[in-house]
Amino acid sequence: MKAVVKPVSEVPATIYDVAQRANVSPATVSRVLNGTQPVAPATEQRVRKAVAELRFRPSRLGVALAERKHAANGIVFPDLSGPFYTEVVLGYEEMAAERGRSVLILSTRDREDAAQAVLSLADRVDGMVLFGRTVSDEVVREVVATGIPVVLLNRPAVAGTDVITTENERSAYELTEHLLSHGHRRVVYLGDPNASADAAGRWAGVSKALKEAKRRRLIAPCGADENAGYTTATTLLQAPNRPDALVCFNDEVALGAMLAAEELGLDVAITGWDDVMAARFARPALTTVRQPMRELGALAAAALDERIAGARTELIHRVLPTELMIRNSCGGHSA
């Protein structure tokens, strides 16, 4: 009788198939393949024989699940609207994908249960990135206490965390000096220093330059979107002592302010921050400060992966540089 040769299954073997054939747990298979813990020679031999027979190719996700890890990162934003957060997310997801990790994203905007939502997410991920003032330092410390690595983006350090920020004060100072050098005398900052470390840093730079020039330090608390910029600028520009220059927290606020100035028929210098695509194509082109948004996200993902994988134990604090982009919205030359 002729023997029947069964074809090798086209379905790839899993780490659980290897464990079953070698008569060990999936975690033991993972330890053999990763060399993370010693395994008895006879057990290791059985595992490697099963791997060869099943033609098993380990995936990072499968090994992570076998080790009862999640192979996922959590990232928490104060908001997800607007081009700034979009760019950071893109940079983060690209790097996380390269490292074989999925990403769970949480926005705390308008959430009364933000603290509980963050703590719940911490139970489902191997590490977490917290952006800005999404939750209190006390909640950050609770997340750190769970044992997962934590990276903070654009917020002050909390014990036990990595910190990655972008430079604010120096560029805001240079931007304000540029406006003063062009003859602008009544400069107003549109932003809320209490809303974020970024807003506070930018106001610190503006305030310093105005103080040195012996000019009044004027601030108009403002939200961070285009509507807030439009509304706040409309009020300011209709006042008897209207400003001749507006330094806006970000490009969205600045674009709203530009629309207000246009509708009122006023010539006022306006600057933004971030250098989103719309800033370059606005008319006039928007003077702004370019910050490395995608790099910020990518570095956060890489830093978190290093901690999760145990490649680094020491904590880091990195500050990414920003760059002043002089264009026509404040009387400069287009960059």
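Couple of notes before you dig in:
- Note: relative contact order over segment 169-290, using C-alpha pairs below 8 Å and six or more positions apart, is 24 percent.
- Counting DSSP beta bridges with both ends in the chain, the antiparallel % (nearest 5): 10
- ³J(HN,Hα), Karplus 6.51/-1.76/1.60, whole Hz, each residue of segment 84-100, x for Gly, Pro: 4, 5, 4, 5, 5, 4, 4, x, 5, 5, 4, 5, 4, 5, 4, 8, x
- Taking a straight Cα-Cα cut-off under 18 Å and skipping sequence neighbours fewer than 8 places away in the same chain, the aspartates and glutamates within cross-link reach of K49 are D17.
- Listed by chain and number, the aspartates and glutamates whose C-alpha is less than 13 Å from the C-alpha of K214, apart from same-chain residues fewer than 8 away, are E177.
- Amide H within-cut-off set for S107, under 5 Å, with H built and near neighbours excluded: F77
- Modelled FRET efficiency - R0 25 Å, A278 with L320, Cβ distances, 0.05 increments: 0.70
- Once the Cα gyration tensor of segment 199-329 is diagonalised, semi-axes √(5λ) in Å: 34, 17, 13
- The charge dipole of the chain, taken about the Cα centre with unit charges on the Cβ atoms of Lys, Arg (+1) and Asp, Glu (-1), comes to about 1040 debye, rounded to the nearest 20.
- Coupling constants for segment 215-228 follow from the phi torsions by the Karplus curve (6.51 cos²θ - 1.76 cosθ + 1.60, θ = phi - 60°), and in residue order they are 10, 5, 8, 10, 9, 10, x, 8, x, 10, 10, 5, 4, 5 Hz; glycine and proline get x.
- In a fully extended conformation the segment linking R294 and R124 would gain 58.7 nm over its present Cα-Cα distance, using 0.36 nm per residue.
- Radius 11 Å from Cβ of R318, net charge of other residues (Lys, Arg +1; Asp, Glu -1): -3
- Rounded tilt (10° steps) of 251-264 against the dominant C-alpha axis of the chain: 30
- Projected area averaged over orientations for segment 238-279, convex hull of C-alpha atoms, nm²: 2.9
- Residue-span extension gain [R99 to A52] - 0.36 nm each, minus C-alpha spacing: 14.4 nm
- Pairwise FRET efficiency - A311 versus Q45, Cβ, R0 = 22 Å, nearest 0.05: 0.15
- Most to least packed among 113-122, 221-230 [average Cβ atoms within 10 Å]: 221-230, 113-122
The numbers here are math on the coordinates, done by the rules we state, and not lab data. Quick caveat: nothing in here was measured; it's all calculated off a predicted structure. Neighbour counts are summed over all protein chains in view; Cβ atoms, including those assigned to glycine, are modelled from backbone coordinates with ideal geometry.
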